[in-house]
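Before any comments, here is the structure.
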Amino acid sequence: MSASVPPASASIGRGSRARFRAYLAKRQRGKAADSKAGKPAKRQRSAWTLFVAFLRELRPYRPAVTVALGTLTIGTLLSLVPPVATKIAIDYVFVDSPIPASLGRWIPASWNIDEHRSRLLAIVGVGVVVISIMRALLSIAGRWQATKTTKRLQTELRRKVFAHAVRLPLHRVHELRAGGVASILREDAGGIGDLVFSMIYNPFRATIQLIGSLAILAWTDWRLLLGALLLLPMVWLTHRTWIGRIRPLYRDQRQTRTDIDAHAAESFGGMRVVRGFAREASETGRFSRSQHFLARQEILTWWWSRGIELAWELFVPLASAALLWYGGMQVLNGRLTPGDLVMFLAYLLLLLGPLEVLATSATQFQTNLAAFDRVLDLLGETRELPAGATALVIQPSDVRGQVAFERVTYHYPKSERSVLSDVSFVARPGQMIALVGRSGAGKTTLCNLVARFDDPTSGRITLDGRDLRDIDLGSYRRLLGIVEQDVFLFDGSIAENISYARRDATRDEIRAAARVANADEFIVALERGYETVIGERGVRLSGGQRQRLAIARAVLADPRILILDEATSNLDTESERAIQSAMATLMRGRTSFVIAHRLSTIRDADLILVLEGGSLLEMGTHDELVASDSRYRDMIVLQTEPPKTEPPVGAARSAHDED
């Protein structure tokens, strides 16, 4: 049974040895539970199921695989010729036995090989060289086709995994983590291509060589063939004993590598926090313990894998010695010629080679099968909000922009606690809807539902009277412009980041969007202007500059619906004032949802929603809410009144003493 790997967080404060012991104990408990229940050790999928799934992935590459296996078959059969040449040289050149008619008719009589046996030796030598050259050329051609197929398959699988992963539900994407996704793309999806060799090419060559060797051995001496066939159960025994244990170990190793990659990406992504708390040594120790734990897992797998090799290293010499003794006795008794015996031993080695390849290949491709198993797990996950067959594709020009919440309730997957509860309101076309409330009140969740990052648990959200679930997701998202509090910028130039909203935008359009966002002035002041590379997540820019680039990106999208989550939170006062008028122009005619803690920025909102604990506590305009005894008015008072200060304790005591 493949035990789940202890999470990286479990290793904090624990040495790799203790963690590894816990891992072994968990695996043992899993085996004991399966044994007590009368069940075999569980694996995600059988090897046959994975093989069939792999063949489906190979379907577009069948012509190349067919050519590779065809040339491989011819080349492998040619490799069976040299031992026959050795027999001819020993029996009819060195021993000087009479040349049989079956051989003599292939050689012109004028060559007189009966009198000049050296000519026969030359013919045999030249024939072996020609056959070897042909086999080498065929081998190169076949391996080229197989290698080309491997690289194409790796590229396609990585594309397929990436395309599927970016369409997973948002909460699932967050669970994968950046380093984990990179590990699956690089290691797992990349390793699957190696199955072309480890699961098809090499075993196919071994099978052809095995069948050819058995046929020649049967022609030489059927009793020797029976002895050789006794080796076949060895393949089944090693597979039965070891292989079922190895793939779960490889799967656990890959999960550990994924956790290590995710931790490394997380540590470097949060380096300011790591250094701010002087935790460099702690993070290094955590990384080292995880590496030691992985090394222990790899050593455990190594020992199981070496068990197969050790069995073959002991068994092959014993089998060879036994057959050599039997064949030698046959030569002494006159039943076989010395050439027959040498040829038999040569074919015995050719027979043992494929058997060993079949046994060890089963070990080698377990790591790739484990990778394929994990990839199939990911590809089998449900995509984000799958569209129905009748989903409507909408055009921006046909959208008025009225968004309505009708008794919307939402809770996160695997949780019963409602984040939004029975929320209803209507945002009319072109209105600015302001969302206010404490942290955790549900403001961001409401905007996520507007962006359709998820669907309501109950109730519905409509656009111009049509349920969002009936609208094609891609065409709906193209109506949106989003500026989040935690701005994300890509490692590229400023122009590339702004034009991410519209890849066909001209430089004039990009610059016009930057002017609206009050970003053009600082951009042109940079050494390379709009071609300045800003680094991963825009690390070379200030927080306010990153915020303005995000706003420019939303401006360029020319959206019908705007979502501004703390859109001006990182701007200085001067920039904020300059951008408010520009944003007012941008929002005119567009339905806008704005989250702001500074209530002064939303005085002109057409509708203010006050959220508390996931419920819509009150709604109205600024004047309406201030005029009533509302929670919103209390929030205004808290933000506008100076905080009351208590006199210092020492000062109060001094005043009392003076009295």
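Which count do you get for residues in the stretch 169-182 that are of a type outside the set (A, V, I, L, M), at pLDDT 75 or above and part of a helix (DSSP H, G or I)? Explain how you work it out, then say what you get.
Kept after step one, since they are of a type outside the set (A, V, I, L, M), are these residues of the stretch 169-182: 169, 171-172, 174-175, 177, 179-180.
This time we only want the ones that are at pLDDT 75 or above, so: 169, 171-172, 174-175.
Imposing the further condition that a residue be part of a helix (DSSP H, G or I) reduces the set to 171-172, 174-175.
Selection size over the stretch 169-182: 4.
Residue check, A8 against (1) at pLDDT 70 or above; (2) surrounded by 15 or more Cβ atoms within 10 Å (Cβ to Cβ), all met but one. Which one?
(1)
If only one of L153, L210, L217 is surrounded by 18 or more Cβ atoms within 10 Å (Cβ to Cβ) and farther than 25 Å from W48 by Cα, which one is it? It would help to see each step written out before you state the result.
Values: L153 fails: farther than 25 Å from W48 by Cα; L210 fails: farther than 25 Å from W48 by Cα.
When all the criteria are applied, what remains is L217.
Just name the residue that is nearest to L549 (Cα to Cα) out of those in the stretch 513-524 that are surrounded by fewer than 16 Cβ atoms within 10 Å (Cβ to Cβ) and modelled with pLDDT under 90. Working first, answer last.
Pass one, the stretch 513-524, residues surrounded by fewer than 16 Cβ atoms within 10 Å (Cβ to Cβ): 515, 521, 524.
Then keep just the ones that are modelled with pLDDT under 90; that gives 515, 521.
Values: R515: 10, E521: 12 Å.
Top of the filtered list is R515.
Just one of L58, L50 is at pLDDT below 90, closer than 29 Å to A189 by Cα and open to solvent by less than 40 Å² (accessible area, probe 1.4 Å); which is it?
Exactly one residue qualifies, and that residue is L50.
Search the stretch 410-427 for residues that are in a loop (DSSP other than H, G, I, E, B) and pair each with any residue that is of a type in the set (V, I, T) when their beta-carbon atoms are under 9 Å apart and the residues are at least 6 apart or on different chains.
These pairs meet every condition: Y412/V419; Y412/T445.
Please indicate, with yes or no, whether at least one residue in the stretch 115-138 is touching a helix residue (DSSP H, G or I) at 6+ places or on another chain (Cβ under 9 Å), in a loop (DSSP other than H, G, I, E, B) and either modelled with pLDDT under 75 or surrounded by 12 or more Cβ atoms within 10 Å (Cβ to Cβ) (or both).
Initial filter on the stretch 115-138 (touching a helix residue (DSSP H, G or I) at 6+ places or on another chain (Cβ under 9 Å)): 117-121, 123-125, 127-128, 131-132, 134-138.
Cutting the leftovers down to in a loop (DSSP other than H, G, I, E, B) gives us none.
No, the conditions are met nowhere in the stretch 115-138.
Looking only at the stretch 454-470, count how many residues are part of a loop (DSSP other than H, G, I, E, B), closer than 16 Å to Q395 by Cα and open to solvent by less than 50 Å² (accessible area, probe 1.4 Å).
Within the stretch 454-470, the first condition is being part of a loop (DSSP other than H, G, I, E, B), and the residues that meet it are 454-457, 464-465.
After this cut, where a residue has to be closer than 16 Å to Q395 by Cα as well, the list is 464-465.
Adding the requirement that they be open to solvent by less than 50 Å² (accessible area, probe 1.4 Å) leaves none.
Residues meeting the conditions: 0.
Take the stretch 247-260 and flag every residue that is at pLDDT below 80 and either closer than 21 Å to L185 by Cβ or crowded, with 23+ Cβ neighbours inside 10 Å (or both). If you could, list the steps in order and put the result at the bottom.
Going through the stretch 247-260, the residues at pLDDT below 80 turn out to be 247-248, 250-251, 254, 258.
Within the stretch 247-260, R247, Y250, R251, R254, T258 qualify.
Kindly check whether there is at least one residue in the stretch 377-394 that is touching a residue at least 60 places away in the same chain (Cβ under 8 Å), crowded, with 21+ Cβ neighbours inside 10 Å and out of contact with any strand residue (DSSP E or B) (no Cβ under 7 Å at 6 or more places or on another chain). Walk me through it before giving the result.
The first filter runs over the stretch 377-394 and keeps only residues touching a residue at least 60 places away in the same chain (Cβ under 8 Å), leaving 377-379, 381-385, 387-388, 390-394.
Pick out the ones that are also crowded, with 21+ Cβ neighbours inside 10 Å and you get none.
Scanning the stretch 377-394, I find no residue that is touching a residue at least 60 places away in the same chain (Cβ under 8 Å), crowded, with 21+ Cβ neighbours inside 10 Å and out of contact with any strand residue (DSSP E or B) (no Cβ under 7 Å at 6 or more places or on another chain), so the answer is no.
If you go through the stretch 324-354, how many residues are outside any helix (DSSP H, G or I) and surrounded by 12 or more Cβ atoms within 10 Å (Cβ to Cβ)?
Pass one, the stretch 324-354, residues outside any helix (DSSP H, G or I): 333-337.
Cutting the leftovers down to surrounded by 12 or more Cβ atoms within 10 Å (Cβ to Cβ) gives us 335-337.
Within the stretch 324-354, residues that are outside any helix (DSSP H, G or I) and surrounded by 12 or more Cβ atoms within 10 Å (Cβ to Cβ) number 3.
Please verify whether A321 is modelled with pLDDT of 75 or more, out of contact with any helix residue (DSSP H, G or I) (no Cβ under 9 Å at 6 or more places or on another chain) and part of a helix (DSSP H, G or I), treating the condition exactly as stated. Even if it seems obvious, please write down each step before you answer.
Values: modelled with pLDDT of 75 or more: yes; out of contact with any helix residue (DSSP H, G or I) (no Cβ under 9 Å at 6 or more places or on another chain): yes; part of a helix (DSSP H, G or I): yes.
Answer is yes for this residue.
Within the stretch 89-103, how many residues turn out to be at pLDDT 80 or above and either acidic (D, E) or open to solvent by less than 30 Å² (accessible area, probe 1.4 Å) (or both)?
To start, the set of residues in the stretch 89-103 that are at pLDDT 80 or above comprises 89-90.
Narrowing further to those that are either acidic (D, E) or open to solvent by less than 30 Å² (accessible area, probe 1.4 Å) (or both): 89.
Residues flagged as at pLDDT 80 or above and either acidic (D, E) or open to solvent by less than 30 Å² (accessible area, probe 1.4 Å) (or both) within the stretch 89-103 amount to 1.
Is it true that some residue in the stretch 430-442 is assigned to a helix (DSSP H, G or I), of a type outside the set (D, E) and surrounded by 18 or more Cβ atoms within 10 Å (Cβ to Cβ)? Before you say what the answer is, go through the steps one by one.
Keep residues of the stretch 430-442 that are assigned to a helix (DSSP H, G or I), which gives none.
The answer is no, given that none of the residues of the stretch 430-442 is assigned to a helix (DSSP H, G or I), of a type outside the set (D, E) and surrounded by 18 or more Cβ atoms within 10 Å (Cβ to Cβ).
Filter the stretch 399-419 for residues that are open to solvent by 50 Å² or more (accessible area, probe 1.4 Å) and either touching a Gly at 6+ places or on another chain (Cβ under 7 Å) or modelled with pLDDT of 90 or more (or both) and give the result. Break it down into steps so the answer makes sense when it comes.
Kept after step one, since they are open to solvent by 50 Å² or more (accessible area, probe 1.4 Å), are these residues of the stretch 399-419: 400, 406-407, 412-414, 416-417.
Within the stretch 399-419, R400, E406, R407 qualify.
Any chance the stretch 474-493 includes a residue that's in contact with a Phe, Trp or Tyr (Cβ under 7 Å, 6 or more places away or on another chain), within 13 Å of A552 (Cα to Cα) and surrounded by 16 or more Cβ atoms within 10 Å (Cβ to Cβ)?
no
For the stretch 599-625, what are the residues that are more than 21 Å from D565 (Cβ to Cβ) and exposed (fewer than 15 other Cβ atoms within 10 Å of the Cβ)?
D623, E624
Looking at G190, G269, G227, G244, which is the one that is modelled with pLDDT of 70 or more and not aliphatic (A, V, I, L, M)? Please lay out each step first, then the result.
On the way: G269 fails: modelled with pLDDT of 70 or more; G227 fails: modelled with pLDDT of 70 or more; G244 fails: modelled with pLDDT of 70 or more.
Answer to the selection: G190.
The values are calculated or read from the model by the stated rules, or taken from the named source; none is laboratory data. Just so you know, these numbers come straight off a predicted model, no measurement behind them. Counting neighbours? That spans all protein chains shown, and the Cβs are built from the backbone with ideal geometry, glycine included. When the accessible area is computed, the model is the full protein with side chains, heavy atoms only, and any ligands, DNA or RNA have been set aside. Shrake-Rupley method; radii C 1.70, N 1.55, O 1.52, S 1.80 Å.
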